[in-house]
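The values are calculated or read from the model by the stated rules, or taken from the named source; none is laboratory data. These figures come from a predicted structure and were not determined experimentally. Cβ sites come from the backbone with ideal geometry, for glycine too, and all protein chains shown count toward neighbours.
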Amino acid sequence: MTLRGVIKKAEVTKTAVGHFNISTIDQLWAIFRAAKSLNVPVIIGVSEGERDFIGVTQAVLLVKSIREEFNYPIFINADHTYSLERVKEAIDLGFDSVIFDGAKLSFEENIKITKQCVDYAHTVGKREERDILIEGELGYIGSSSKILDEIPIGAAVGEAKLTTLEDAKGFVAETGIDLFSPAIGSIHGALKSTHDPDLNIQRLLEIKSVLNLPLVLHGGSGLTDENFTKGIDAGLSVVHINTEIRIAWRDALKQSLLEGDPNEVAPYKILKKSSQATEDAVRSRLKLFNKII
């Protein structure tokens, strides 16, 4: 029932743990229902903005309460955290894992702060007998989970901009991270008129061959099913989805408001279709990530 154990199992079985972001409690329940219907583990992600909206403490307690009530492998991750102070906040409040996103920093500065995050996690973990995972990210792939007209400026798309083997080895060795997210062609958000750029599977295979730790894919929304299948077979153990389920939630909400009872004012009734749309979208991805037919 530890996140490390769940990810390790995925690594061995060549499946991937689905990571889905939330902004509202109905999204949390929808993701949990989808995972439970398939009996697979799941990670709930909250970015800095999302956890500020929900409440940092409240987000942790909501997920942990479900884990304890149902004895279920559901975990919470502090997604895309941009400062050591906010990493410490997430660790202190009980997050299972934290991502320090230093993708826009210099290589040296990214290593420096990521290492500080790891050291703090180890100190707290030893004191409180907790296993806190720290993820590092190398390579900028955009920063917004939304519908895009074009690829974000500066995003690491194209072979020349991807994470190199040398940088990957140096970054992991210097920081001591538990999880690693390299730039292998994906972007945050989803392109409006076409699917997102394909993953560079060859680069992924090369990085996996020289690193002895699980690899994480950010920017999963907008990729083709084939990209996921090949990427997981090549060594991805955690896959992040956000924009895709935001779109499903929003579109269903729009339908409820436009076509539903104009006199309805109960939020839990208005959000019923949004919750179901989120559950359906998550279940579809979890089937693919876990190779369930």
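The table for this structure:
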item: Residues that are of a type in the set (Ser, Thr, Tyr) and touching a residue at least 60 places away in the same chain (Cβ under 8 Å), drawn from segment 1-22; result: Thr2, Thr15
item: Filter result for the condition that a residue is aliphatic (A, V, I, L, M), at pLDDT 95 or above, more than 27 Å from Thr13 (Cα to Cα) and buried (at least 20 other Cβ atoms within 10 Å of the Cβ), over Ala281, Ala277; result: Ala277
item: Hey, Phe70 under 24 Å from Gln116 (Cβ atoms) and modelled with pLDDT of 95 or more or not; result: no
item: Test: Ile113 is outside any strand (DSSP E or B), of a type in the set (A, V, I, L, M) and modelled with pLDDT under 95; result: no
item: So Asp131, is it assigned to a strand (DSSP E or B), of a type in the set (D, E, K, R) and within 19 Å of the chain's Cα centre (by Cα); result: no
item: Segment 221-264: number of residues that are free of Cβ contacts under 8 Å to residues at least 40 places away in the same chain, closer than 26 Å to Asp26 by Cβ and either surrounded by fewer than 20 Cβ atoms within 10 Å (Cβ to Cβ) or among the small types (Gly, Ala, Ser) (or both); result: 17
item: Positions within segment 67-90 being assigned to a helix (DSSP H, G or I), in contact with a strand residue (DSSP E or B) (Cβ under 6 Å, 6 or more places away or on another chain) and farther than 15 Å from Thr2 by Cα, in sequence order; result: Val87, Ala90
item: Positions within segment 139-186 being crowded, with 24+ Cβ neighbours inside 10 Å, under 15 Å from the mean Cα position of the chain (by Cα) and at pLDDT 60 or above, in sequence order; result: Ser181, Pro182, Ala183, Ser186
item: Qualifying residues in segment 1-31 (those that are assigned to a helix (DSSP H, G or I) and of a type in the set (Val, Ile, Thr)) - the one surrounded by the fewest Cβ atoms within 10 Å (Cβ to Cβ); result: Val12
item: Hits in segment 87-107 - residues which are within 17 Å of the chain's Cα centre (by Cα) and under 22 Å from Ala183 (Cβ atoms); result: Val87, Ser97, Val98, Ile99, Phe100, Asp101, Gly102, Ala103
item: Number of positions in segment 108-134 that are free of Cβ contacts under 8 Å to residues at least 40 places away in the same chain, within 16 Å of Gly94 (Cα to Cα) and of a type in the set (Val, Ile, Thr); result: 2
